[in-house]
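Notes follow once the structure below has been shown.
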Amino acid sequence: QVQLVESGGGLAQAGGSLRLSCAASGGTFSSYRMGWFRQAPGKVREFVATIDWSGGSTAYANSVKGRFTISRDNAKNMVYLQMNSLNAGGTAGYYCAGRRSYEDDYWGQGTQVTGLN
């Protein structure tokens, strides 16, 4: 019964930055691999970034590599996505997800990000 709630979305000027937050409750947060996904209107959901339970291993989609940074704070049950150099290509609903062995994946409801060219 893990609950994930995203926040921090909004409008960013061309080249601007936003930091998304995902607050987790209802589980042992530190044991979950966490990730961010996004879905633009009329497009499929795509992978953005992931981070392991310890925060020591991360991976990124090529489209955001070098511009986005995923991090987590297990003491606060939080995961973050720092997004720099935003443009219209970053416009999408952004979703936080959690994964642990032998369990279903958990998804938040999303937060909207609009990047301008």
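The values are calculated or read from the model by the stated rules, or taken from the named source; none is laboratory data. Everything numeric here is computed off the predicted structure, so don't read it as measured data. As a convention, Cβ positions derive from the backbone with ideal geometry for all residues, glycine included, and neighbour counts pool all protein chains shown. Heavy atoms of the whole protein, side chains included, go into the accessibility calculation; ligands, DNA and RNA do not. Shrake-Rupley method; radii C 1.70, N 1.55, O 1.52, S 1.80 Å.
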Simple label model, 7 Å out from Cα along Cβ direction - Ser57 to Val5, nm: 3.1
Between the stretch 82-116 and the stretch 36-53, the alpha-carbon center distance in angstrom: 5
Under 11 Å, Cβ to Cβ, from Gly110 - net charge with Lys/Arg +1 and Asp/Glu -1: +1
Per residue accessible area of the chain, 1.4 Å probe, in Å²: 53
Selection from Thr114, Ser25, Ala88 lying farthest towards where the dipole of the chain points positive, charges on Cβ: Ala88
Using a Förster distance of 30 Å, the FRET efficiency for Thr28-Thr69 (Cβ separation, nearest 0.05): 0.80
Distribution of pairwise C-alpha distances over the stretch 36-92, 10 Å bins, in %: 22, 51, 24, 3
Of all accessible heavy-atom area on the stretch 9-117, the percent that carbon and sulfur account for (1.4 Å): 47
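May I ask for the Rg/Rh ratio of the chain, computed from Cα atoms with Rh as the Kirkwood radius, given to two decimals?
Looking at the chain, the ratio lands at 0.95.
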Whole-number percent relative contact order across the chain, with pairs defined as alpha carbons under 8 Å at least 6 apart: 37
